[in-house]
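S.K.: Sharing a structure here in structure tokens format.
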Amino acid sequence: MSNMLLIKPIVAGGINASTGTGVGNLLSPDPKEVWASTGAGAASNLDFDFGDFVSIDSLFVGFITNATAPTLSWTSGTASYTTNSRLSAVSAFAPSRIASPLRRHGFWRTGAPFSDRYHRIAFSPNVAATVTIGIVVFGLAYQTTWNREWGSGRQIIDTGEVQRLLGGGFGIGDGAVKGGFAWTWGDLSDAEVDAVYGIGLDRGIRRPLLVVEDPADAAGLNEGLHYGLFQRFEKYERANPQQNRWALSIEQWV
């Protein structure tokens, strides 16, 4: 198991797509605002211009729908979109332990951060139907020296409403079912507390981030990817002169 990651999205200044519709939606934080491929399933180059060199080591392509075996490649450069190869024709889907996952995502982390201005995701739906992508996140992952404590875990969140009826049934108001994740760090250094504090001040409870439970490319990675918002912040606690304890949580945005 690898230590969990926190990733603040770095939003590009400009975006273009060679095919499909709604590419500007990929700059929106809402994964329901999507880019859609052509109905024939044609491949598309999704081009992101950050306007300057930015340090990046992580890519999340989230909320991919209506596909069976999509693939993508990732290239980047300082003066063009194709100077450097970062990923080459890989599956767009992170491995899952669930036979038919409700939502499909992909996540990749490079060996080391790099700084480029232009990034291209060449996406191939590989199915003759419309395929949508809800979000593309580039970022620089933050990883602590020690992993989260035992006792951290996921939760199920249902936004619908249920009312018991006198006849024994239920009145149901439909909603969405999604996940959340809560964890506790028990061994944060003072420098790590300041780094997490800085991320919290930047994101608050209104700006999205990506939490990766375990970035290892193994079964369950799909379910361990949480794009959403921090929940209410608890204060951190000093455990001893060298260690600090901090409990945090995220609720998925779907």
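S.K.: Looking at the stretch 63-86, I want the residues that are assigned by TED's automatic domain parsing to the domain that holds V127 and in a loop (DSSP other than H, G, I, E, B) and have a partner that is modelled with pLDDT under 95 and of a type in the set (G, A, S) with Cβ atoms under 9 Å, at least 6 apart or on another chain. Which pairs are those?
M.R.: Pairs that qualify, where the first residue is assigned by TED's automatic domain parsing to the domain that holds V127 and in a loop (DSSP other than H, G, I, E, B) and the partner is modelled with pLDDT under 95 and of a type in the set (G, A, S), are N66/A129; A67/G41; A67/A129.
S.K.: Now, a different point. Go through (1) in a strand (DSSP E or B); (2) out of contact with any Phe, Trp or Tyr (no Cβ under 7 Å at 6 or more places or on another chain) for G167 and report which single condition fails.
M.R.: In the conditions (1) in a strand (DSSP E or B); (2) out of contact with any Phe, Trp or Tyr (no Cβ under 7 Å at 6 or more places or on another chain), G167 misses (1) alone.
S.K.: I'm trying to understand the selection: among the residues of the stretch 170-183, which are assigned to a strand (DSSP E or B) and under 19 Å from Q252 (Cβ atoms)?
M.R.: If the condition is that a residue be assigned to a strand (DSSP E or B) and under 19 Å from Q252 (Cβ atoms), then V177, K178, G179, G180, F181, A182, W183 are the ones that fit.
S.K.: Could you pull out the residue among D202, D194 that is touching a residue at least 40 places away in the same chain (Cβ under 8 Å), in a helix (DSSP H, G or I) and either within 15 Å of the chain's Cα centre (by Cα) or within 25 Å of I10 (Cβ to Cβ) (or both)?
M.R.: D202
S.K.: Name the residue, out of G111, G139, G106, that is closer than 21 Å to S55 by Cα, at pLDDT below 95 and not basic (K, R).
M.R.: That would be G111, the only listed residue that is closer than 21 Å to S55 by Cα, at pLDDT below 95 and not basic (K, R).
S.K.: Does the stretch 136-153 contain at least one residue that is of a type in the set (K, R), in contact (Cβ under 8 Å) with a residue 12 or more places away in the chain and not assigned by TED's automatic domain parsing to the domain that holds L225?
M.R.: yes
S.K.: Taking the conditions exactly as written (in the same structural domain as F93 (by TED's automatic domain parsing) and touching a Phe, Trp or Tyr at 6+ places or on another chain (Cβ under 9 Å)), does V131 satisfy them or not?
M.R.: yes
S.K.: Restricted to the stretch 225-248, and to residues that are polar (S, T, N, Q) and not in a strand (DSSP E or B), which residue is surrounded by the fewest Cβ atoms within 10 Å (Cβ to Cβ)?
M.R.: Q242
S.K.: Restricting to the stretch 92-125, give me the number of residues that are in contact with a Ser or Thr (Cβ under 6 Å, 6 or more places away or on another chain) and surrounded by fewer than 17 Cβ atoms within 10 Å (Cβ to Cβ).
M.R.: So the count comes out to 2.
S.K.: Scan the stretch 32-55 for residues that are in a strand (DSSP E or B) and either of a type in the set (G, A, S) or not assigned by TED's automatic domain parsing to the domain that holds R103 (or both) and report the count.
M.R.: Residues flagged as in a strand (DSSP E or B) and either of a type in the set (G, A, S) or not assigned by TED's automatic domain parsing to the domain that holds R103 (or both) within the stretch 32-55 amount to 4.
The values are calculated or read from the model by the stated rules, or taken from the named source; none is laboratory data. Here the structure is a predicted model, which means the values were calculated and not measured. Note that each Cβ is placed from the backbone with ideal geometry, even for glycine, and that neighbours are counted across all protein chains shown.
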